[in-house]
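Each remark here refers to the structure printed beneath this line.
The values are calculated or read from the model by the stated rules, or taken from the named source; none is laboratory data. Being a predicted model, the structure only gives us computed values, none of them experimental. Methodologically, a virtual Cβ is constructed for each residue, glycine included, from the backbone with ideal geometry; neighbour enumeration extends over all protein chains shown.
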Amino acid sequence: MKEPPDRLSAATFEDLAMPLFDQLYNLARWLTQDTAEADDLVQETYAKALRGFSSFQTGTNFRAWMYRILRNSFLSSRTGLKVMVPLDGEADETLLPIEGATPESILIETADRETVQQALTDLPVHFREILLLCEVEEMSYQEIAETLAIPIGTVMSRLYRARRALRELLQKKKQGNRHGL
(Lines give C-alpha, C1' and ligand atoms only; values in the text may rest on other atoms or scores of the structure.)
Protein backbone atom coordinates (compact mmCIF):
# COMPACT_ATOMS: atom_id res chain seq x y z
CA MET A 1 0.00 0.00 0.00
CA LYS A 2 1.34 3.40 -0.99
CA GLU A 3 1.40 6.37 1.36
CA PRO A 4 -0.47 9.47 0.17
CA PRO A 5 2.01 12.13 -1.00
CA ASP A 6 0.86 14.73 1.57
CA ARG A 7 1.30 12.28 4.43
CA LEU A 8 4.57 12.64 6.34
CA SER A 9 6.49 9.55 7.37
CA ALA A 10 8.59 8.71 10.42
CA ALA A 11 11.64 8.79 8.15
CA THR A 12 10.73 12.34 7.14
CA PHE A 13 10.35 13.25 10.81
CA GLU A 14 13.81 11.91 11.55
CA ASP A 15 15.28 13.80 8.58
CA LEU A 16 13.71 17.06 9.77
CA ALA A 17 14.07 16.65 13.53
CA MET A 18 17.51 15.17 14.13
CA PRO A 19 19.50 18.12 12.75
CA LEU A 20 17.77 20.29 15.39
CA PHE A 21 18.77 18.10 18.34
CA ASP A 22 21.82 20.08 19.50
CA GLN A 23 20.03 23.42 19.14
CA LEU A 24 17.00 22.19 21.07
CA TYR A 25 19.20 20.70 23.78
CA ASN A 26 21.12 23.97 24.08
CA LEU A 27 17.89 25.93 24.62
CA ALA A 28 16.56 23.29 27.03
CA ARG A 29 19.78 23.47 29.05
CA TRP A 30 19.54 27.25 29.31
CA LEU A 31 15.86 27.17 30.22
CA THR A 32 16.05 24.44 32.85
CA GLN A 33 19.52 25.22 34.22
CA ASP A 34 19.89 21.47 34.83
CA THR A 35 21.41 18.79 32.61
CA ALA A 36 19.07 15.97 33.63
CA GLU A 37 15.98 18.16 33.23
CA ALA A 38 17.23 19.35 29.83
CA ASP A 39 17.66 15.71 28.75
CA ASP A 40 14.11 14.94 29.87
CA LEU A 41 12.72 18.06 28.23
CA VAL A 42 14.32 17.29 24.86
CA GLN A 43 13.16 13.68 25.05
CA GLU A 44 9.63 14.82 25.87
CA THR A 45 9.78 17.34 23.00
CA TYR A 46 10.75 14.67 20.47
CA ALA A 47 8.12 12.25 21.77
CA LYS A 48 5.38 14.88 21.53
CA ALA A 49 6.57 16.02 18.11
CA LEU A 50 6.60 12.47 16.77
CA ARG A 51 3.10 11.80 18.14
CA GLY A 52 1.80 15.03 16.64
CA PHE A 53 3.79 14.88 13.40
CA SER A 54 0.73 13.95 11.37
CA SER A 55 -0.75 17.35 12.29
CA PHE A 56 2.35 19.25 11.14
CA GLN A 57 1.50 21.40 8.12
CA THR A 58 3.95 20.78 5.29
CA GLY A 59 5.35 24.03 3.98
CA THR A 60 5.36 25.68 7.42
CA ASN A 61 8.40 26.25 9.60
CA PHE A 62 9.36 22.89 11.16
CA ARG A 63 12.13 24.44 13.27
CA ALA A 64 9.72 26.93 14.86
CA TRP A 65 7.22 24.10 15.42
CA MET A 66 9.82 22.04 17.31
CA TYR A 67 10.94 25.02 19.38
CA ARG A 68 7.33 25.78 20.28
CA ILE A 69 6.81 22.21 21.48
CA LEU A 70 9.98 22.45 23.58
CA ARG A 71 8.95 25.79 25.03
CA ASN A 72 5.39 24.67 25.83
CA SER A 73 6.72 21.49 27.43
CA PHE A 74 9.10 23.55 29.53
CA LEU A 75 6.40 26.01 30.61
CA SER A 76 4.12 23.19 31.71
CA SER A 77 6.93 21.37 33.57
CA ARG A 78 7.71 21.70 37.26
CA THR A 79 10.64 24.00 36.55
CA GLY A 80 8.75 26.11 34.03
CA LEU A 81 5.83 26.66 36.39
CA LYS A 82 8.20 28.09 39.02
CA VAL A 83 9.63 30.81 36.78
CA MET A 84 7.34 33.68 35.95
CA VAL A 85 7.62 37.17 34.73
CA PRO A 86 8.77 40.49 36.26
CA LEU A 87 9.33 43.32 33.72
CA ASP A 88 11.40 46.42 32.99
CA GLY A 89 14.07 48.75 34.27
CA GLU A 90 16.10 51.34 32.37
CA ALA A 91 19.73 52.32 31.63
CA ASP A 92 22.01 52.78 28.66
CA GLU A 93 25.74 52.19 28.66
CA THR A 94 27.95 50.33 26.25
CA LEU A 95 30.43 47.64 27.23
CA LEU A 96 34.06 48.21 26.34
CA PRO A 97 35.56 46.02 23.59
CA ILE A 98 38.32 43.57 24.44
CA GLU A 99 41.67 44.39 22.86
CA GLY A 100 44.53 42.11 21.67
CA ALA A 101 45.20 38.52 22.72
CA THR A 102 47.44 38.92 25.75
CA PRO A 103 47.21 36.59 28.75
CA GLU A 104 45.45 39.40 30.62
CA SER A 105 42.93 39.94 27.84
CA ILE A 106 42.26 36.20 27.62
CA LEU A 107 41.63 36.13 31.38
CA ILE A 108 39.33 39.15 31.11
CA GLU A 109 37.48 37.62 28.14
CA THR A 110 36.95 34.38 30.08
CA ALA A 111 35.73 36.31 33.11
CA ASP A 112 33.44 38.39 30.86
CA ARG A 113 32.03 35.24 29.24
CA GLU A 114 31.29 33.77 32.67
CA THR A 115 29.73 37.05 33.79
CA VAL A 116 27.49 37.15 30.72
CA GLN A 117 26.49 33.50 31.20
CA GLN A 118 25.63 34.17 34.85
CA ALA A 119 23.69 37.30 33.89
CA LEU A 120 21.73 35.29 31.30
CA THR A 121 20.98 32.70 33.96
CA ASP A 122 19.73 35.46 36.29
CA LEU A 123 17.30 36.84 33.68
CA PRO A 124 13.62 35.85 33.85
CA VAL A 125 12.86 32.95 31.51
CA HIS A 126 10.84 35.00 29.00
CA PHE A 127 13.84 37.32 28.53
CA ARG A 128 16.41 34.50 28.50
CA GLU A 129 14.51 32.47 25.90
CA ILE A 130 14.03 35.38 23.49
CA LEU A 131 17.71 36.36 23.71
CA LEU A 132 18.81 32.78 23.15
CA LEU A 133 16.48 32.30 20.18
CA CYS A 134 17.67 35.53 18.57
CA GLU A 135 21.35 35.73 19.47
CA VAL A 136 22.39 32.09 19.93
CA GLU A 137 20.02 30.20 17.65
CA GLU A 138 19.99 33.11 15.16
CA MET A 139 16.26 32.87 14.51
CA SER A 140 14.56 35.61 12.55
CA TYR A 141 11.89 37.70 14.28
CA GLN A 142 9.30 35.77 12.26
CA GLU A 143 10.65 32.40 13.49
CA ILE A 144 10.71 33.66 17.07
CA ALA A 145 7.13 34.91 16.71
CA GLU A 146 6.04 31.49 15.42
CA THR A 147 7.99 29.66 18.14
CA LEU A 148 6.62 31.74 21.01
CA ALA A 149 3.18 32.25 19.43
CA ILE A 150 3.38 36.02 19.82
CA PRO A 151 3.18 38.91 17.31
CA ILE A 152 6.41 40.20 15.73
CA GLY A 153 5.93 43.55 17.49
CA THR A 154 5.96 41.74 20.82
CA VAL A 155 9.13 39.91 19.77
CA MET A 156 10.83 43.23 19.06
CA SER A 157 9.70 44.93 22.27
CA ARG A 158 10.49 41.89 24.43
CA LEU A 159 13.91 41.58 22.80
CA TYR A 160 14.56 45.25 23.52
CA ARG A 161 13.55 44.82 27.18
CA ALA A 162 15.60 41.61 27.48
CA ARG A 163 18.72 43.29 26.10
CA ARG A 164 18.20 46.23 28.43
CA ALA A 165 17.72 43.92 31.44
CA LEU A 166 20.88 41.99 30.50
CA ARG A 167 22.81 45.24 30.14
CA GLU A 168 21.60 46.37 33.59
CA LEU A 169 22.61 43.07 35.19
CA LEU A 170 26.04 43.31 33.60
CA GLN A 171 26.44 46.90 34.77
CA LYS A 172 25.53 45.91 38.34
CA LYS A 173 28.02 43.05 38.25
CA LYS A 174 30.66 45.38 36.82
CA GLN A 175 30.02 47.97 39.54
CA GLY A 176 30.02 45.26 42.22
CA ASN A 177 33.40 43.99 41.02
CA ARG A 178 34.78 47.52 40.98
CA HIS A 179 33.84 47.96 44.64
CA GLY A 180 35.19 44.56 45.63
CA LEU A 181 31.77 42.95 46.11
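For segment 113-137, the set of residues classified as surrounded by fewer than 18 Cβ atoms within 10 Å (Cβ to Cβ), assigned to a helix (DSSP H, G or I) and either in contact (Cβ under 8 Å) with a residue 12 or more places away in the chain or in contact with a Cys (Cβ under 7 Å, 6 or more places away or on another chain) (or both) consists of T115, V116, Q118, T121, D122, V136, listed by residue number. Taking E14 as the residue in question, decide whether it is charged (D, E, K, R) and modelled with pLDDT of 80 or more. So E14 fits the description; yes. Can you confirm whether E143 is within 13 Å of the chain's Cα centre (by Cα) and surrounded by fewer than 18 Cβ atoms within 10 Å (Cβ to Cβ)? Against the criterion (within 13 Å of the chain's Cα centre (by Cα) and surrounded by fewer than 18 Cβ atoms within 10 Å (Cβ to Cβ)), E143 does not qualify.
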